[in-house]
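Before any comments, here is the structure.
The values are calculated or read from the model by the stated rules, or taken from the named source; none is laboratory data. All values derive from a computational prediction rather than experimental measurement. Positions of Cβ are backbone-derived with ideal geometry, glycine not excepted, and every protein chain shown enters the neighbour counts. To get the accessible areas, we keep the full protein, side chains included, count just its heavy atoms, and leave off ligands, DNA and RNA. Shrake-Rupley method; radii C 1.70, N 1.55, O 1.52, S 1.80 Å.
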Amino acid sequence: QVSLVESGGGLVQPGGSLRLSCAPSRSVFSIDAMGWYRQVPGKQRELVARITRAGITKHADFVKGRFTISKDNATMTVYLQMNSLKPEDTAVYYCNAEIKSGYWAPATGYWGQGTQVTVSS
């Protein structure tokens, strides 16, 4: 069974930066897409950014110009560089990956355990 391992969360002051990382716990056949979502208590989980195997990215309007998603194909690691952080960015950030176990297998969605990002002075 594969899991997603996240790192990089923490406490940062407004205007600061953090970089989140996420990678599968073991080698997998392929990954169709990876993304970052976030959730605050009482609200639905929302998409922050997503990147496909081809490198096509999508960023939510509320992070455009501040956050950037990228990936390292060799290590199957996805990153979320977060700059100009605001208190409203405070949330638990979850990594998601659509992983295939074989060429003809359908992609299966996996979630990381979540990492807390707190933006506060």
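Quick notes
- Qualifying positions in region 71-121 - touching a residue at least 60 places away in the same chain (Cβ under 8 Å), charged (D, E, K, R) and under 19 Å from Ala60 (Cβ atoms): Lys86, Glu98
- Within region 60-78, the residues that satisfy the criterion of being open to solvent by 40 Å² or more (accessible area, probe 1.4 Å) and more than 17 Å from Ile99 (Cβ to Cβ) are Asp61, Phe62, Lys64, Gly65, Thr68, Ser70.
- With a requirement of 1 or more residues that are of a type in the set (Gly, Ala, Ser), the strands (runs of 3 or more DSSP E) lying completely within region 56-103 that satisfy it span 67-72, 91-100.
- Applying a threshold of 9 Å to beta carbon distances and a minimum spacing of six or more residues, or different chains, the list of pairs starting in region 1-25 at a residue that is under 12 Å from Gly114 (Cα atoms) and ending at one that is modelled with pLDDT of 95 or more and of a type in the set (D, E, K, R) reads Gly8/Arg19; Leu20/Glu6; Ser21/Glu6; Cys22/Glu6.
- Only one of the listed residues (Tyr103, Tyr93) is among the aromatic types (Phe, Trp, Tyr) and open to solvent by 40 Å² or more (accessible area, probe 1.4 Å). That residue is Tyr103.
- Among the conditions (1) modelled with pLDDT of 95 or more; (2) crowded, with 16+ Cβ neighbours inside 10 Å; (3) farther than 18 Å from Ser120 by Cβ, Gln81 misses just one, which is (2).
- Checking each residue in region 21-42 for being more than 17 Å from His59 (Cα to Cα), of a type in the set (Gly, Ala, Ser) and either in contact with a strand residue (DSSP E or B) (Cβ under 6 Å, 6 or more places away or on another chain) or assigned to a strand (DSSP E or B) (or both) picks out Ala23, Ser25, Ser30.
- Subset of region 87-106 [within 19 Å of Arg45 (Cα to Cα), in contact with a strand residue (DSSP E or B) (Cβ under 6 Å, 6 or more places away or on another chain) and not small (Gly, Ala, Ser)]: Pro87, Asp89, Thr90, Val92, Tyr93, Tyr94, Cys95, Asn96, Glu98
- Residue that is surrounded by the most Cβ atoms within 10 Å (Cβ to Cβ) [pool: residues in region 26-58 that are of a type in the set (Phe, Trp, Tyr) and closer than 14 Å to Val117 by Cβ]: Trp36
- Scope region 108-120; condition part of a loop (DSSP other than H, G, I, E, B) and open to solvent by less than 50 Å² (accessible area, probe 1.4 Å); matching residues: Gly114
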